[in-house]
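Input: a single structure, listed below in structure tokens.
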Amino acid sequence: MTGNPFKAHVAGSSLWTLAFDVEPAWADFFAESLSDDCLSLSTLTPDEPEPRRMELLLEQKPDLSLWKQKLAPLFAAVDAVVPELSLMEVHDRNWLLEVQASFKPIHAGRFWVHGSHVEEVPPGDVLPICVDAGLAFGSGEHGTTHGCLMALDWIANGHLDIPDGNWMDVGTGSGVLAMAMGRLQPQDATIVATDIDPTAVQVAEENFALNGISGIHAIEADGLDHPAIKRYAPYAVITANILAQPLVQLAPDIAKARAKDGIVILSGLLTAQEPMVLPAYEAQGMKLKHAFRRDNWSALILA
């Protein structure tokens, strides 16, 4: 899932909190959907079962009109309108270091996602990926990213035959899934990582270098109709960790980019949205082979 438009925070400088109310039943949905778009997110629970106060910690003073546009699809998904947004400046505190220090390493199959403040890799068959929380675009803790990592490890362990061809991560964000592909070292395969956000592409490239993973081509693209994406097609494995509606819209293009018998991993959708997404891919000749579900989010493996 793509992340926020904010730059890395300067230690000791001011930050901002953006707050709004959501109904209790949808608090987890909003928290998961927005966790990649801020340094940190907290949900304040009142004494009564009334709307929950969500507070997002941001690196720059946000444009409220842009945030209303960003929140509109989420509130539309729960048949609600965007509520009043409140803004408050937070002064002189090294929030970035605090957020990074609170980011505990995440295990997903053999993958071990950790921040740069963690130096010791655990023993055993571990595939480490270093990415800092709070630098935008996700660090692997989101239920959808975790599910995709589990799915990649699952197919790499021989549960499905992987055809020859290159691999692609659509909506790469911080590049976690593309780096996971790189750690699996698919033989003679080029890895393509795409994102609509140019800042995400820059962050992903920095993370590829930080992890010493070569052979990944980061491409700024809206959809799959890009010459570089077509150049490396067809793709043996495609991950798309975005949102349910874009997944439906992209189904024909993903099918076209997919190699014969290629594997597609879809995420960014709630488990309740599976009946909306799956038919679009079944219509393209794919079948559900396995699913990982966590915190009401799904990662679907199709072939």
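The values are calculated or read from the model by the stated rules, or taken from the named source; none is laboratory data. This is a predicted model, so every value here is computed, not measured. Note that we place each Cβ from the backbone using ideal geometry, even for glycine, and neighbour counts take in every protein chain shown. Just the protein is used for accessible areas: all its heavy atoms, side chains included, with ligands, DNA and RNA removed. Shrake-Rupley method; radii C 1.70, N 1.55, O 1.52, S 1.80 Å.
Relative contact order of the chain, taken over Cα pairs closer than 8 Å and 6 or more residues apart, is 16 percent.
Using the 1.4 Å probe convention, the accessible area of the chain works out to 46 Å² per residue with neighbouring protein chains retained. What translational diffusion coefficient, to the nearest whole µm²/s, does the chain have by Stokes-Einstein, given a Kirkwood radius computed over alpha-carbon pairs, a temperature of 25 °C and 0.890 mPa s viscosity? Approximately 125 µm²/s, per Stokes-Einstein. For the stretch 248-303, the alpha carbon convex hull comes to 64 Å³ per residue, rounded to a whole number. Per-residue ellipticity at 222 nm from helix content only, as computed over the chain with -39500 (n - 2.57) for each DSSP H run of at least four residues, stands at -9000 deg cm²/dmol.
For the chain, lysine pairs with C-alpha atoms less than 18 angstrom apart, excluding pairs fewer than eight positions apart on the same chain, total 8. Accessible area ranking (1.4 Å probe, heavy atoms, ligands and nucleic acids excluded), largest first, for E55, E119, E220: E119, E220, E55. Here the accessible area of the chain is 50 percent carbon and sulfur, with a 1.4 angstrom probe and all protein chains present.
Note on S116: accessible area is roughly 60 Å² with a 1.4 Å probe, heavy atoms of protein only. Between the beta carbons of L210 and D188, assuming R0 = 35 Å, the FRET efficiency works out to 0.90 to the nearest 0.05.
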